[in-house]
Amino acid sequence: MGKLIIPKNSADRKDLDACFGIYFEANDWVTNEVLIEKMKDALGLPHQEPQAYTKKTQILAYYGFIEWEDKSNSQSRRKITESGIRFYNALNAGDEKALFSEIINTLERLTFGRNVCGCDSDSDFEPPQIFIRCVLALGYLTYLEYGFLLLELEENNGNIFDLLTLIATNRITGNKPYTSNRYSDPKVILALINWGFLQNDGKVAGNNKIIINPLVLATYADKLQKLKIFNNVIPDGTSTGDEDSESISLDIHNVIYYGSPGTGKSHKADEITNGKAVQKVTFHPDYDYHSFVGGYKPTMDGDKITYKFVPQIFTKIYVDAWKNLVSADETKPFYLQIEEINRGNCAEIFGDLFQLLDRDKDGFSKYEVTAEEELCKYLLSDKAFGGNHPGIENGKLRFPNNLKIIATMNTSDQSLFPMDSAFKRRWDWIYVPIDTDCKFSDFTIQLENGKAFGWLSFLKVINEEIFEITKSQDKQIGNWFIDAQNSGKVISESTFVNKVIFYLWNDVFKDEENTIFKSADGKNLTYTSFFENGVSNNLVSYILEERLKLTDLNKAVPTTTGEE
């Protein structure tokens, strides 16, 4: 792992606003020469070195609001991104809700440890997310504490949870071992303060206590808890075939693929587990610990009914993984694949097994838990380990490093059993974005009146509408929400209405105002409107053409013949 580098240039609100305004006004590629002259005028500081002006774009580029035409060229032209446009509009309008939503989107979407324009960083750590997650854990954080934490993580390979415990202990004892270092003046955090996402909350020992804006915390607590503090990004230009899936699986032992419905989360998991030793299960509200691990059940022994321990999916994969562990360094991976993990009560299903999810550097469980009596007896029996074994040594359970757990989570589901933070922090989280450029899902929506519309074009427009109205990406529609590969890449009107329209009506826009569900005369539509005789064809067509401004694919594009 290389060195962690964070932009050190100005996060002053005046500088950021001036720089933002130049790119927003241009809305096109801007050369450094043009930027310098305009920044001189905007700030009234004509005598600074030229690089002092160009460096003022660092923070905006870091958060994805400015992009470079050529990432490898420091003199490259730059322009404002779509995210930057939305953010700047929210800033000028004083729209805190939109402003904070865009920051959350940025923190979920971008990688900050590496591949950042204008910042030659190459690290597994995500600095803004680490700061936020530490504030959630400790209540507040000072710059000195943050600098100490990053330095220990980066240079001394520290454990973040041990470091948090140390910081909390130092606060109680009054011990102050922190000194200034290259990370203790974090401009990227100051920018979040100047944008109102974070706040100063008084001082402790002369240092500002930084907290999360209470409005942000109240609105996005769950999303903040899910922010990744480590990145697992495949470098640009590498293959995305099975070999990459395997490399990910070897490095990550507990991972949850999450995202909007239809993004291909299960496909991502299958790419890793296909052809491998895998046990698959789908969590649901009635699933419990004994369904997962096993328990005594009635069985027939001749003519008699007897009770014996019947192992379930977890115990089976646990035994198989341990039995096939050649050595700590030479392993055959065994996978437990959990679909829809947030639809079950994870606290009840895992019980004290969740402690085993804490992995050491070698991939084995950091802690052990005592097996329940019936489970212990089964594991010691000939049906499992056949006696004392590292997998049940002294009656204790411990994950081997070849046991890997891969789960999927649909962010649009309103789970009956929210995951607690203790459970969530023991997983790596990988966001699966919507791919509106995927050629394999370039389907056609074919209406009964003969009109046709591009599926991916529809997704681009409707997802903008969903975000604009709900201020959330959770319920946006993924490109695989409908898979029309087996129907000639054509989505029929019936399928579109019964799947997409129903989802939008029931799960997305049900309690919202000013949605796409309005007729030409401004009246609210009902879902039954789509099933009234003679209305369905024109109604779907009306929504796609008039409300969403999509173009019928059958309309010929005018061509010129060269003749007058």
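The values are calculated or read from the model by the stated rules, or taken from the named source; none is laboratory data. This one's a predicted model, so the numbers in the text were calculated from it and none came from an experiment. Cβ coordinates were reconstructed from backbone atoms using ideal geometry, including for glycine residues, and neighbour counts include every protein chain displayed.
May I ask you to list the residues in the stretch 301-322 that are part of a loop (DSSP other than H, G, I, E, B) and more than 45 Å from the chain's Cα centre (by Cα)? Answer for the stretch 301-322, where residues must be part of a loop (DSSP other than H, G, I, E, B) and more than 45 Å from the chain's Cα centre (by Cα): 302, 303. Those helices (runs of 4 or more DSSP H) of the stretch 106-212 in which at least 2 residues are farther than 22 Å from residue 81 by Cα, considering only elements entirely within it, cover 127-138, 143-155, 160-173.
Within the stretch 542-552, the set of residues being part of a helix (DSSP H, G or I) and surrounded by fewer than 20 Cβ atoms within 10 Å (Cβ to Cβ) comprises 542, 545, 546, 547. Looking only at residues of the stretch 485-499 that are among the β-branched types (Val, Ile, Thr) and in contact (Cβ under 8 Å) with a residue 24 or more places away in the chain, we find that the one that is farthest from residue 527 (Cα to Cα) is 490. A single entry from 226, 265 fulfils the requirement of being basic (Lys, Arg) and at pLDDT 85 or above: 265. Take the stretch 332-353 and flag every residue that is assigned to a helix (DSSP H, G or I) and either buried (at least 18 other Cβ atoms within 10 Å of the Cβ) or not assigned by TED's automatic domain parsing to the domain that holds residue 369 (or both). Once the filter is applied, which keeps residues that are assigned to a helix (DSSP H, G or I) and either buried (at least 18 other Cβ atoms within 10 Å of the Cβ) or not assigned by TED's automatic domain parsing to the domain that holds residue 369 (or both), the stretch 332-353 yields 341, 342, 343, 346, 349, 350, 353.
Results for (1) small (Gly, Ala, Ser); (2) at pLDDT 95 or above; (3) more than 30 Å from residue 472 (Cα to Cα), shown as yes or no for each residue.
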residue	(1), (2), (3)
360	no, no, yes
363	yes, no, yes
389	no, no, yes
394	no, no, yes
397	no, yes, yes
409	no, no, no
414	no, no, no
424	no, no, no
431	no, no, no
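For residue 179, the conditions (1) out of contact with any Leu (no Cβ under 9 Å at 6 or more places or on another chain); (2) hydroxyl-bearing (Ser, Thr, Tyr); (3) modelled with pLDDT of 85 or more; (4) surrounded by fewer than 16 Cβ atoms within 10 Å (Cβ to Cβ) are fulfilled apart from (1).
Taking the stretch 360-375 as the range and being surrounded by fewer than 18 Cβ atoms within 10 Å (Cβ to Cβ) and either of a type outside the set (Asp, Glu) or under 22 Å from residue 422 (Cβ atoms) (or both) as the test, the residues that pass are 360, 361, 366, 367, 368, 369, 370.
The residue pairs whose first member lies in the stretch 314-334 and is modelled with pLDDT under 80, whose second member is outside any helix (DSSP H, G or I) and not polar (S, T, N, Q), and whose beta carbons are closer than 8 Å, counting only pairs six or more residues apart or on different chains, are 326/332; 328/362; 328/364; 331/325; 331/400. For the stretch 456-463, the condition of being among the charged types (D, E, K, R), buried (at least 19 other Cβ atoms within 10 Å of the Cβ) and either touching a Lys or Arg at 6+ places or on another chain (Cβ under 7 Å) or modelled with pLDDT of 85 or more (or both) holds for none of the residues. Counting only residues that are aliphatic (A, V, I, L, M) and over 26 Å from the mean Cα position of the chain (by Cα), which one in the stretch 366-414 is nearest to residue 294 (Cα to Cα)? Ranking the qualifying residues of the stretch 366-414, first place goes to 375. Checked against (1) more than 24 Å from residue 219 (Cβ to Cβ); (2) of a type outside the set (Asp, Glu); (3) surrounded by fewer than 18 Cβ atoms within 10 Å (Cβ to Cβ), residue 196 meets all criteria but (1).
When 482, 466, 477 are screened for being closer than 20 Å to residue 109 by Cα, in contact with a Phe, Trp or Tyr (Cβ under 9 Å, 6 or more places away or on another chain) and in contact (Cβ under 8 Å) with a residue 60 or more places away in the chain, only 477 passes. Scan the stretch 93-106 for residues that are in contact with a Gly (Cβ under 9 Å, 6 or more places away or on another chain) and more than 20 Å from residue 227 (Cα to Cα) and the total you get is 1. Of the residues making up the stretch 514-541, those that are assigned to a helix (DSSP H, G or I) and either modelled with pLDDT of 80 or more or not assigned by TED's automatic domain parsing to the domain that holds residue 491 (or both) number 9. Say whether the condition of being among the aromatic types (Phe, Trp, Tyr), over 23 Å from the mean Cα position of the chain (by Cα) and over 23 Å from residue 157 (Cα atoms) is met by at least one residue in the stretch 415-430. Looking through the stretch 415-430, none of the residues is among the aromatic types (Phe, Trp, Tyr), over 23 Å from the mean Cα position of the chain (by Cα) and over 23 Å from residue 157 (Cα atoms). When the stretch 422-446 is limited to residues that are in a helix (DSSP H, G or I) and not hydrophobic (A, V, I, L, M, F, W, C), the one that is surrounded by the fewest Cβ atoms within 10 Å (Cβ to Cβ) turns out to be 439. Scanning the stretch 81-105 for residues being β-branched (Val, Ile, Thr), surrounded by 19 or more Cβ atoms within 10 Å (Cβ to Cβ) and closer than 18 Å to residue 68 by Cβ gives a total of 0.
Out of 460, 404, 396, one residue alone is among the basic types (Lys, Arg) and touching a Leu at 6+ places or on another chain (Cβ under 8 Å). It is 404.
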